[in-house]
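Take a look at the structure below.
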Amino acid sequence: MSLQSAERIGVVVPSGNAAAEPEIGALVRPAMNVHTSRFPVLPGLSLRERLDVYNDRLGEVVAGFGGLRLGAVVVACSGSHYLLGPDGDRALCDKLAEAGGQPVASSTLATLDTCADLGIQDVVLVSPYEPWLTDLSRAFWEDAGLTVSKVVPIRAGDRFSPYDVTTDDLVRQVADAGLGDDDALLLTGTGMFTFDALARIGEGNDRALLTSNICSARWALRRTGLPADPAEETGLLRRLARRAGGPK
């Protein structure tokens, strides 16, 4: 498939998010090209204030793709959509999809879609957020019908900062949590790099490993009618495919 003929996915990300584009891109290429529109830089605002602004301005950020023909749009920012709750999240994405003429999903809706497809109802929430946002995340998933059996907080050193979590930080703290070999882990947040850590977290067990970026890529491939094989090349969706009865 040539670069020119590949399907296109639009990804909306916060300005400082370095993980969403490379992780989603690694999963959807070569079937899809990734195109990005970023939320504005908002100096002087608290995290909560920035998330509120993201929701208020999401329509104009998506409109920033202009006349670019897209097969799907993913909003790669979980925190702002936790503020909306599952029903508000879906309503906003449906409104944007109707306005733009292409499917739109947040990373949170893409995660719910994956859980429904794979029959996953009980998850361990692995969260790099500040405690208030982790609590909001848990409430979102439970309101959507999932059972959160345990929460594993992930720190970058001695603070909560998703963009600064290292592979060793993530692997060590998940290991210290004493999780079961068959737990379904939901690593929330599109800005935390996860791929190198997942290989170690999933070694020697039968855990289902879901991340915001994996679920977003999976949703985009399915909504555009593309096969899962390109994403399978990375090896990161093999466990998901097994649970779904798809390609091994």
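The values are calculated or read from the model by the stated rules, or taken from the named source; none is laboratory data. Note that the coordinates shown come from a computational prediction; the quantities given were computed from them, not determined experimentally. Positions of Cβ are backbone-derived with ideal geometry, glycine not excepted, and every protein chain shown enters the neighbour counts.
Observations
- Within the stretch 25-53, the set of residues being of a type in the set (Val, Ile, Thr) and free of Cβ contacts under 8 Å to residues at least 60 places away in the same chain comprises Val34, Thr36, Val41, Val53.
A quick yes/no check of all residues on (1) out of contact with any Phe, Trp or Tyr (no Cβ under 7 Å at 6 or more places or on another chain); (2) buried (at least 22 other Cβ atoms within 10 Å of the Cβ); (3) closer than 21 Å to Thr111 by Cβ:
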{"position": "Ser46", "(1), (2), (3)": "yes, no, no"}
{"position": "Val75", "(1), (2), (3)": "yes, yes, yes"}
{"position": "Ser80", "(1), (2), (3)": "no, yes, yes"}
{"position": "Gly88", "(1), (2), (3)": "yes, no, yes"}
{"position": "Ala91", "(1), (2), (3)": "yes, no, yes"}
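- Top-ranked residue of the stretch 1-36 - restricted to ones that are in contact with a Gly (Cβ under 9 Å, 6 or more places away or on another chain) and more than 21 Å from Thr194 (Cβ to Cβ), ranked as surrounded by the fewest Cβ atoms within 10 Å (Cβ to Cβ): His35
- Scanning the stretch 148-163 for residues that are exposed (fewer than 15 other Cβ atoms within 10 Å of the Cβ) and either polar (S, T, N, Q) or part of a helix (DSSP H, G or I) (or both) gives a single hit, Ser149.
- Flag: Val174 does not match the condition of being touching a residue at least 60 places away in the same chain (Cβ under 8 Å) and not assigned by TED's automatic domain parsing to the domain that holds Gly85.
- Residue list for the stretch 81-116, restricted to those being closer than 15 Å to Phe140 by Cβ and charged (D, E, K, R): Asp87, Asp89, Arg90, Asp113
- Breaking point among (1) over 17 Å from Thr211 (Cα atoms); (2) in contact with a His (Cβ under 8 Å, 6 or more places away or on another chain), for Leu109: (1)
- Residue within the stretch 184-196 that is surrounded by fewer than 18 Cβ atoms within 10 Å (Cβ to Cβ) and touching a residue at least 24 places away in the same chain (Cβ under 8 Å) present: yes
- Residue in the stretch 21-39 that is closer than 22 Å to Leu136 by Cβ and among the β-branched types (Val, Ile, Thr) present: no
- Condition check for Asp135 on (1) assigned to a loop (DSSP other than H, G, I, E, B); (2) of a type outside the set (Ser, Thr, Tyr); (3) farther than 21 Å from Ala19 by Cβ: one failure, at (1).
Residues are listed down the side, and each one gets a yes or a no for (1) modelled with pLDDT under 90; (2) among the polar types (S, T, N, Q); (3) within 26 Å of Asp94 (Cβ to Cβ):
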site: Ser149; (1), (2), (3): no, yes, no
site: Arg159; (1), (2), (3): no, no, no
site: Asp181; (1), (2), (3): no, no, no
site: Asp206; (1), (2), (3): yes, no, no
site: Gly225; (1), (2), (3): yes, no, yes
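- Of the residues Gly101, Gly119, Gly145, the single one that is outside the structural domain of Thr166 (by TED's automatic domain parsing) and surrounded by fewer than 19 Cβ atoms within 10 Å (Cβ to Cβ) is Gly101.
- The set of residues in the stretch 134-153 that are in contact with a Phe, Trp or Tyr (Cβ under 7 Å, 6 or more places away or on another chain) and among the hydrophobic types (A, V, I, L, M, F, W, C) comprises Leu136, Phe140, Val148.
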